[in-house]
């Protein structure tokens, strides 16, 4: 059945049909000309006139590295899920199915670039050198993140939906004001991650407005995983998300979010656009959330099993494995080695989690303020004295 033509409103009170909405949203890897793809679901490397050159340096060794990244990140994610189910974590936010979108974008950034995540970017954290065990405190309730965001060039996780877009835009404006944008080798850019659900939040739109007005060097990276918890994408927008950038005056690109090479190439291009002073870019990584929104969610209540089965055929890790075998002759020994490393990482991740000590009662004071005011010092002293008065404290 042919898709309906693009819907153009003649009456501002009119609305598109469901078929029109769906045709606009899902014109993707099934022949959609606007989708950037370099690696098909069948593992075939294909060309792209606009972005293909940005991944020309990726050969067998580089592709093996991205495969290793995605396998290890998925293994940590599955272990985190299991730990929550066993009562070791208060909550876990799965990234299953979004490994390529995160690893491709994360590996595209240089050490000078600054990244602002939401709360699902475990794969980006991995690419920035954050040990997976550093994520555990957030979900175990012992801290808000145990890495130095300035040193890692990776901000702490943001739980408030979309708020990181304002933070990222402000940081990028600072990069421009301080002369860190241009053709020099020390040029910087900022990248901000958020989901399709966040595009319905005012903070995201305010970030777009300010970034456009000041030509801020920020890449807005939307991982469109099709579901904002239980709300499908067609309930949030009448047009594909990447087209929204046009309304703010900067470019928008839709990329196959299950294709690590395409995500790498498009993000490299976008970051370079920002570093050289061409202003913000919006990337829509079209992917799918294979698991629940969080471990508090039950996706079986709002989506069909056949939708999930369809996306399993587009698995981001499997297409890289097939390419490595068919086009590069990579043998089973490599895949066995990666599997063994993933098991070792999962065991270390689990052991660290189980052995994590409870934070001391002074933590809310010692890890919040750089210097305590006299009033806070008195409050701390009174609180610790009160806490110590309990039996077994």
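From the list 266, 255, exactly one residue is surrounded by 22 or more Cβ atoms within 10 Å (Cβ to Cβ), in contact (Cβ under 8 Å) with a residue 24 or more places away in the chain and part of a strand (DSSP E or B). Which is it?
Values: 266 fails: part of a strand (DSSP E or B).
The match here is 255.
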- [ ] Return a yes/no flag: does the stretch 60-76 have any residue that is in a loop (DSSP other than H, G, I, E, B), touching a residue at least 60 places away in the same chain (Cβ under 8 Å) and out of contact with any strand residue (DSSP E or B) (no Cβ under 6 Å at 6 or more places or on another chain).
- [x] no
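Among the listed residues 129, 141, 137, 174, which satisfies the condition of being surrounded by fewer than 23 Cβ atoms within 10 Å (Cβ to Cβ) and either farther than 30 Å from residue 355 by Cα or outside the structural domain of residue 83 (by TED's automatic domain parsing) (or both)?
174
One line per residue, one yes/no per condition, for (1) at pLDDT 95 or above; (2) over 17 Å from residue 196 (Cβ atoms):
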| residue | (1), (2) |
| --- | --- |
| 231 | no, no |
| 236 | no, no |
| 239 | no, no |
| 245 | yes, no |
| 250 | yes, yes |
| 261 | yes, yes |
| 274 | yes, yes |
| 286 | yes, no |
| 293 | yes, no |
Task: Candidates 236, 243, filtered to the one that is under 20 Å from the mean Cα position of the chain (by Cα), surrounded by fewer than 18 Cβ atoms within 10 Å (Cβ to Cβ) and touching a residue at least 12 places away in the same chain (Cβ under 8 Å) - done: 236
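Taking the conditions exactly as written (assigned to a helix (DSSP H, G or I), touching a helix residue (DSSP H, G or I) at 6+ places or on another chain (Cβ under 7 Å) and modelled with pLDDT under 95), does residue 206 satisfy them or not?
Numbers: assigned to a helix (DSSP H, G or I): yes; touching a helix residue (DSSP H, G or I) at 6+ places or on another chain (Cβ under 7 Å): yes; modelled with pLDDT under 95: no.
No: the conditions fail for residue 206.
Can you tell me which residue among 93, 124 is touching a strand residue (DSSP E or B) at 6+ places or on another chain (Cβ under 8 Å), modelled with pLDDT of 95 or more, surrounded by 23 or more Cβ atoms within 10 Å (Cβ to Cβ) and assigned by TED's automatic domain parsing to the domain that holds residue 311? Break it down into steps so the answer makes sense when it comes.
Numbers: 93 fails: touching a strand residue (DSSP E or B) at 6+ places or on another chain (Cβ under 8 Å).
Every option except 124 fails the conditions.
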TODO: Could you check, for the stretch 295-311, whether at least one of its residues is within 28 Å of residue 170 (Cβ to Cβ) and within 19 Å of the chain's Cα centre (by Cα)?
DONE: no
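The values are calculated or read from the model by the stated rules, or taken from the named source; none is laboratory data. Fair warning: this is a prediction, and the values are worked out from it, not measured in the lab. When we count neighbours, we look across all protein chains shown, and the Cβ atoms used for this are built from the backbone with ideal geometry, even at glycine.
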